[in-house]
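Taking it in order: structure first as structure tokens, then the write-up.
The values are calculated or read from the model by the stated rules, or taken from the named source; none is laboratory data. None of these values were measured; they are calculated from a predicted model. So basically every Cβ, Gly included, is an ideal-geometry build from the backbone, and we count neighbours across all protein chains shown.
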């Protein structure tokens, strides 16, 4: 067939073959050839493979209905703070990430997070609403910069079987706690108290919680530090006594990372640890026998009262995202109450739901071990305690000023009053930079 006798359709077909069909056929819809929208999510590992699998599954379901690509990266909890800092400094944060409470306020303060007040308003309409700490962690001046995802009380995990064998009850106060530990421990194989004392976030939290029992608060209010106080001094003296005199804390605890106390309890090397229920959730999957022997209770009170720690995870959407609407839709999808309840419950009680009504489901009510745990969000204190999470507090926490203060006393024999004074001075430099 000569070129002269070709029909127009035949000519177009031949041109398409010769050019590798570079031109998109007009009969293909845009959705068939356009690149799918993409987003990357960083999530904190739950210390529970089932929970991590559910998160992946739920984001995958969202991706299918949104016709998008969603890349989920599970980051071990101890690493995510540093990983985010590096990513933000390099100008390449993920589209969406789980954040710790003080970090939410930090990234908000430097203009990194999208405002999501509209999404939080939807969550607030849920019957019975949200637990108050969930809101404190993500709101600033009436606007929301994240969606609360998880309330993590820090109960004392304790060996019911060891106390029963010794004919002992759960200690009534922190002084009785020391005596109980001394009676049941058998060092070096078993120690009483598995407090993390390392330069790690768990170290900050465990040491802070002990100081609170003696009235040692990091702050007086949002702009005023109070590390250098009689309460801090008394708390440091008590910590030193437990570590160096009573010897109920393993010497190695001074170098533990965020997983050190988890591993110590899970391997039956300590009788008590103060930690989120990542431990209990892990045992549910890996050691049901030890789980059945584990109690969950508030930390015993001290002279200043009973104070339990609580941290809040949130979803934060970074402004650098090229798909803000997709990211916000993903946040809404993940926090839909029924879908969210499945994650929390199948994770074996890894976290308390942010929605109040979800603590009244069959899962929670039929498990007496959680009876105190699910009440802790009503009275627990988040980092900073006397003030809401803030960028300044986030810096103080991540600089490990609190563990460093304890190390001066425990390892170098510095007077507790002098150690508190030095810690206050370091923290004050950070506060002065933020508040002038």
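Just a few scattered comments:
- Test result for residue 378, farther than 30 Å from residue 280 by Cα and surrounded by fewer than 22 Cβ atoms within 10 Å (Cβ to Cβ): no
- Restricting segment 261-302 to residues that are in contact with a strand residue (DSSP E or B) (Cβ under 6 Å, 6 or more places away or on another chain) and assigned to a strand (DSSP E or B), the residue that is surrounded by the most Cβ atoms within 10 Å (Cβ to Cβ): 272
- Inside segment 343-359, residues that are modelled with pLDDT of 95 or more, over 29 Å from residue 210 (Cβ atoms) and part of a helix (DSSP H, G or I) make up a count of 3.
- Failed criterion for residue 258 (all others in (1) touching a helix residue (DSSP H, G or I) at 6+ places or on another chain (Cβ under 6 Å); (2) outside any loop (DSSP other than H, G, I, E, B); (3) under 22 Å from residue 204 (Cβ atoms) hold): (2)
- Residues in segment 192-210 that are assigned to a loop (DSSP other than H, G, I, E, B) and either crowded, with 22+ Cβ neighbours inside 10 Å or out of contact with any helix residue (DSSP H, G or I) (no Cβ under 6 Å at 6 or more places or on another chain) (or both): 194, 195, 196, 197, 198, 200.
- Flag for residue 376 being under 19 Å from the mean Cα position of the chain (by Cα), in a helix (DSSP H, G or I) and in contact (Cβ under 8 Å) with a residue 24 or more places away in the chain: yes
- One residue stands out in segment 303-313 among those that are outside any loop (DSSP other than H, G, I, E, B) and crowded, with 19+ Cβ neighbours inside 10 Å: the one that is farthest from the chain's Cα centre (by Cα), namely 309.
- Within segment 284-297, the set of residues being modelled with pLDDT of 95 or more, farther than 17 Å from residue 371 by Cα and in contact with a helix residue (DSSP H, G or I) (Cβ under 9 Å, 6 or more places away or on another chain) comprises 287, 289, 290.
- So residue 109, is it under 15 Å from the mean Cα position of the chain (by Cα), in the same structural domain as residue 324 (by TED's automatic domain parsing), on the phi < 0 side of the Ramachandran plot and surrounded by 14 or more Cβ atoms within 10 Å (Cβ to Cβ): no
- In segment 414-431, the residues that are without any contact (Cβ under 8 Å) to a residue 60 or more places away in the chain and in contact with a helix residue (DSSP H, G or I) (Cβ under 9 Å, 6 or more places away or on another chain): 414, 415, 418, 422, 426, 430
- Top-ranked residue in segment 56-82 [being modelled with pLDDT under 95 and assigned to a helix (DSSP H, G or I); ranked as surrounded by the most Cβ atoms within 10 Å (Cβ to Cβ)]: 80
- Any strands (runs of 3 or more DSSP E) falling wholly within segment 92-191 and containing at least 1 residues that are more than 27 Å from residue 387 (Cα to Cα): 156-159
- Qualifying residue in segment 211-219 (condition: part of a strand (DSSP E or B) and within 25 Å of residue 396 (Cβ to Cβ)): yes
- Within segment 64-82, considering residues that are in contact with a strand residue (DSSP E or B) (Cβ under 6 Å, 6 or more places away or on another chain) and touching a residue at least 40 places away in the same chain (Cβ under 8 Å), the one farthest from residue 43 (Cα to Cα): 70
- Residue match in segment 314-326 (condition: farther than 25 Å from residue 360 by Cβ, part of a helix (DSSP H, G or I) and in contact (Cβ under 8 Å) with a residue 24 or more places away in the chain): yes
Okay, residues lined up against (1) in contact with a strand residue (DSSP E or B) (Cβ under 7 Å, 6 or more places away or on another chain); (2) not assigned by TED's automatic domain parsing to the domain that holds residue 340:
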{"site": "124", "(1), (2)": "yes, no"}
{"site": "139", "(1), (2)": "no, no"}
{"site": "146", "(1), (2)": "yes, no"}
{"site": "167", "(1), (2)": "no, yes"}
{"site": "170", "(1), (2)": "yes, yes"}
{"site": "183", "(1), (2)": "no, yes"}
{"site": "187", "(1), (2)": "no, yes"}
{"site": "211", "(1), (2)": "no, yes"}
